[in-house]
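Right, one structure below, let's go through it.
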Amino acid sequence: MIKENKEETLVKNRHQELELSDEVVLSMYENMLKARRVDERLWLLNRAGKIPFVVSCQGQEAAQVGAAFGLNREKDYVAPYYRDFGFVFAWGMTIKEMMLNNFAKAEDPSSAGRQMPGHFGYRKLRMLSHSSPVTTQNPHAVGIALAAKIKGDDIVSFVDFGEGSSNQGDFHEAANFAAVHKLPVIFMCENNHYAISVPLKHQLACAHVSDRAIGYGMYGESFDGNDPLAAYAAVKKAADRAHRGEGPTLLEANCYRLMPHTSDDNDMTYRTKEEVDEAKKYDGVITFADYLRSIGVLTKERENEMEEQIRKEIDEATDYAENAPFADPESVLRYVYEEKN
Amino acid sequence: MPVISYIEAITQALDEEMSRDDTVFVMGEDVGKRGGVFQATKGLFEKYGENRIIDTPLAESAIAGVGIGAAMYGMRPVAEMQFSDFMLPAANQIISEAAKTRYRSNNDWSVPMTIRAPFGGGVHGGLYHSQSMEAIFANVPGLKIVIPSTPYDVKGLLKASIRDNDPVIFFEHKRAYRLIKGEVPENEYVIPIGKADVKREGTDVTVITYGLMVHEALQAAEKLASEGISTHILDLRTVYPLDKEAISEAAKKTGKVLLLTEDTKEGSVISEVAAIIAENCLFDLDAPIRRLAAPDAPAMPYAGPLEHAFMVKPEQVEHEIRDLAEF
């Protein structure tokens with residue numbers, strides 16, 4: 001289920017081959033770490049009764065951050081899904097904004113506390129708003145690409161979703177539409193092997209979500225979701241194809257969901273601790289740090305600095321968000337339709 | 001003033017909006033070379049090309065969902081559902097997405113999209129080419145639902161829908177396409193969404209209705225006028241959100257109200273109209289509110305006599321108005 005890490009490759013500098021500088025890969029790691037530490041804090045806040053709900057990203061940060069780095073972060077449009085902490089951080093959302101989102105406060109840029117946590121959206125960052133019925137964002141991403149094609153804008157439209165979601169009709173309709181119209185869309189499935197409690201084998205009869213690509217007449221590829229460099233390379237390649245007018249790509253990141261589905265779930269009712277512990281050996285946050293250390297890019301000093309800076313930011317953001325006001329109850333009637341002055 | 005058909009008014013509105021605004025484009029099944037199965041987009045493919053008159057795969061959820069994405073990018077898509085009966089696969093995109101995008105993003109994103117869909121019976125369309133779908137969407141804040149009855153209203157309201165910055169469902173009565181003709185001015189005009197229209201002034205009985213039923217009511221009123229019964233007819237034009245003021249005003253005018261729809265009765269748009277009148281005009285009423293609608297059976301059958309039995313008939317409209325007048 002989980003791809004073996006190839007220990008021997010860890011000592012080789014793999015990011016140079018991808019023309020990524022040391023600073024860029026450190027920034028990748030920093031975003032992954034940010035997502036992990038924020039997620040851990042959210043569970044604490046939930047268990048302390050300060051926030052009602054957590055939906056977790058743990059185990060998927062590597063794929064998320066690598067993917068974001070493979071896109072043009074100044075131009076492209078993205079439709080991340082609710083686990084995409086690593087993606088939205090790499091895309092420009094701040095820890096403070098993330099905390100405001102999780103505390104559901106008025107300043108939450110995604111929805112001002114209207115939506116449950118993790119339902120990201122941020123027009124300033126060209127990040128589409130999404131809902132809870134899954135995979136509805138896939139046709140939206142296709143629409144972005146169609147509009148860009150009509151206007152003659154050279155952009156890529158990127159969308160994320162889970163493997164359970166890949167069984168929805170909207171997944172199929174969006175993929176087919178994008179392929180027929182040869183649109184610059186990257187569909188990336190974060191296969192974390194569980195749709196709440198239902199394991200992969202009860203969701204798909206094929207080995208990989210990306211195996212479905214051929215049915216749409218598009219290119220498909222699976223990669224190790226614990227490796228941000230693999231994610232970067234796959235997304236970069238898909239983006240290059242899109243820019244060349246070669247149409248959409250279906251990618252699958254092989255990840256593992258390390259935490260329960262949400263704070264309301266008990267995963268020990270359907271999987272074993274041994275299985276989760278085994279998966280933790282391949283946790284991208286750990287293995288990528290090992291890689292960066294082994295090639296001397298991540299020094300002890302830099303690591304401490306990063307951890308310290310992130311902790312400080314999370315502390316400040318938590319305080320700020322906890323004390324920030326909720327939206328005015330009367331605002332519940334606002335923005336049903338456009339308000340003209 | 002030139003006289004044109006209901007469907008010509010649609011084509012004209014699309015053509016004019018596409019030529020005045022580059023962001024307007026049409027997408028749907030058979031809208032391209034074929035010009036639409038009803039010919040609503042006739043000639044537009046030749047004029048605007050495949051980039052702006054887009055034949056889509058046969059997949060209604062994608063038509064709505066891709067339209068939503070394009071609208072979020074800043075376009076003004078006009079998405080065509082070939083028959084309103086086929087738009088249920090798109091219901092999640094319309095109800096969960098288009099209707100809620102502005103609200104859930106706290107005004108950050110919006111969906112300026114128009115969904116056109118032919119509806120209505122009396123065309124030997126059987127269960128799935130005859131239905132009225134408006135009630136399914138008429139409990140969804142964030143949506144606007146327009147149902148015009150005349151070529152004049154079609155043109156002005158379709159232009160308003162395309163220019164609106166929120167999602168609009170524009171239901172067109174397919175039997176009206178070639179049956180209903182009317183005067184349409186050559187100069188540019190737009191009719192505001194959300195405003196009902198008095199189609200006939202009268203003093204004895206008020207009929208509140210929409211779509212093709214407006215014409216049934218007008219014909220009945222004409223006939224009853226010779227008997228000395230004066231009928232007031234209000235055409236809702238927008239069935240969601242409803243023009244509560246115009247409804248109250250029309251109800252109070254005669255104190256006797258007949259609500260008319262070709263949709264099935266229970267939970268229909270006119271049921272909401274009845275509630276508005278009951279809340280606001282109870283003491284102005286001189287008779288109980290009456291509803292005339294299709295029976296609460298799933299949808300109209302194909303066979304001629306069965307279809308006829310299902311539909312609201314002119315003599316029923318006439319009978320109800322007369323009965324109310326005599327109450």
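Each value in this text was obtained by applying a stated rule to the coordinates, not by laboratory testing. This structure is a prediction, so every number in the text was calculated from the model and none was measured. Neighbour counts run over all protein chains shown; Cβ positions are idealised from the backbone, glycine included.
Taking all C-alpha pairs of segment B:219-307, those more than 16 Å from each other amount to 60 percent.
The residues packed around residue A:162, meaning those with a beta-carbon under 11 Å from its beta-carbon, carry a net charge of -3 if Lys and Arg are +1 and Asp and Glu are -1. Taking the inverse of the mean reciprocal distance over all distinct Cα pairs, the Kirkwood hydrodynamic radius of the protein assembly as shown comes to 27.1 Å. Each residue in A:69, A:187, B:45, B:283 was given a count of other beta-carbon atoms within 10 angstrom of its own, and listing them fewest first yields B:283, B:45, A:69, A:187.
Within chain B, DSSP assigns beta bridges of which about 20% are antiparallel (rounded to the nearest 5). For residue A:73 and residue B:47, the FRET efficiency from 1/(1 + (r/R0)^6), where r spans their Cβ atoms and R0 equals 35 Å, is about 0.35.
State the percent of C-alpha pairs, over all pairs in chain B, separated by a distance greater than 36 angstrom.
17 percent
Between the C-alpha center of segment A:300-341 and that of segment A:157-207 there is a gap of 31 Å.
With both labels modelled 7 Å from their Cα along Cα-to-Cβ, the residue B:30 to residue B:187 distance reads 3.9 nm. Taking every DSSP beta bridge that has both ends in segment B:3-183, the antiparallel portion is near 15%. The eigenvalues of the Cα gyration tensor, multiplied by 5 and square-rooted, give chain A an equivalent ellipsoid with semi-axes of 27, 27, 21 Å from largest to smallest.
Only loop residues by DSSP count here, and only those with at most 11 other Cβ atoms within 10 Å; note down the GluC sites (Glu not before Pro) in segment B:173-263 that meet that.
Details: sites: B:183, B:186, B:188, B:201, B:216, B:222, B:227, B:245, B:249, B:262; in loops: B:186, B:188, B:201, B:227.
Here the GluC sites (Glu not before Pro) that fit, given the DSSP loop and packing criteria, are B:186, B:188, B:201, B:227.
Counting, for every residue in B:54-60, the Cβ atoms of other protein chains within 10 Å of its Cβ and taking the mean gives 4.
How high is the relative contact order of chain B, in percent, with contacts defined as C-alpha pairs under 8 Å that are six or more residues apart?
On the way: 739 pairs, mean separation 55.0, N = 327.
This gives 17 percent for chain B.
Taking Cα centre as origin and charging only the Cβ of basic (Lys, Arg, +1) and acidic (Asp, Glu, -1) residues, the dipole magnitude of segment B:197-326 rounds to 40 debye.
Highest mean first, what order results for B:68-79, B:267-278, B:6-17 on Cβ atoms within 10 Å? Don't skip to the answer; put the middle values down first.
Details: B:68-79: 27.0, B:267-278: 20.0, B:6-17: 22.4.
Going by the mean number of other Cβ atoms within 10 Å, highest first, we get B:68-79, B:6-17, B:267-278.
Residues whose amide H comes within less than 5 Å of that of residue B:76, counting only those at least five positions distant or on another chain, are B:24, B:25 (H built at 1.01 Å from N in the peptide plane).
In segment A:41-165, the convex hull through the Cα atoms has an average projected area of 7.8 nm², a quarter of its surface area.
Charges at C-beta only: +1 for Lys and Arg, -1 for Asp and Glu. How large is the resulting dipole of the protein assembly as shown about its Cα centre, in Debye rounded to 20? If you can, show how the numbers build up before the last one.
Values: 73 positive and 102 negative charges, 114 e Å.
The calculation lands at about 540 debye.
In straight-distance terms, cross-link reach from residue B:313 covers every one of the lysines whose alpha-carbon lies under 25 Å from its own, apart from those fewer than eight places away in the same chain; here that gives B:174, B:181, B:199, B:223, B:256, B:265.
Contact order, relative form, for segment A:27-139: 23 percent (alpha carbon pairs under 8 Å, 6 or more residues apart, mean separation divided by residue count). For the charge dipole of segment B:3-183, defined by +1 on Lys and Arg C-beta atoms and -1 on Asp and Glu C-beta atoms about the Cα centroid, which residue among B:9, B:180, B:145 has the Cα displaced farthest towards the positive pole? Among B:9, B:180, B:145, the one farthest towards the positive end of the dipole of segment B:3-183 is B:180. Bridging of residue A:300 to lysines at a Cα separation below 25 Å is possible for A:6, A:12, A:34, A:280, A:281, A:312, once same-chain residues fewer than 8 apart are set aside.
Cα-based values for segment B:60-152, radius of gyration first and Dmax second, are 13.8, 45 Å.
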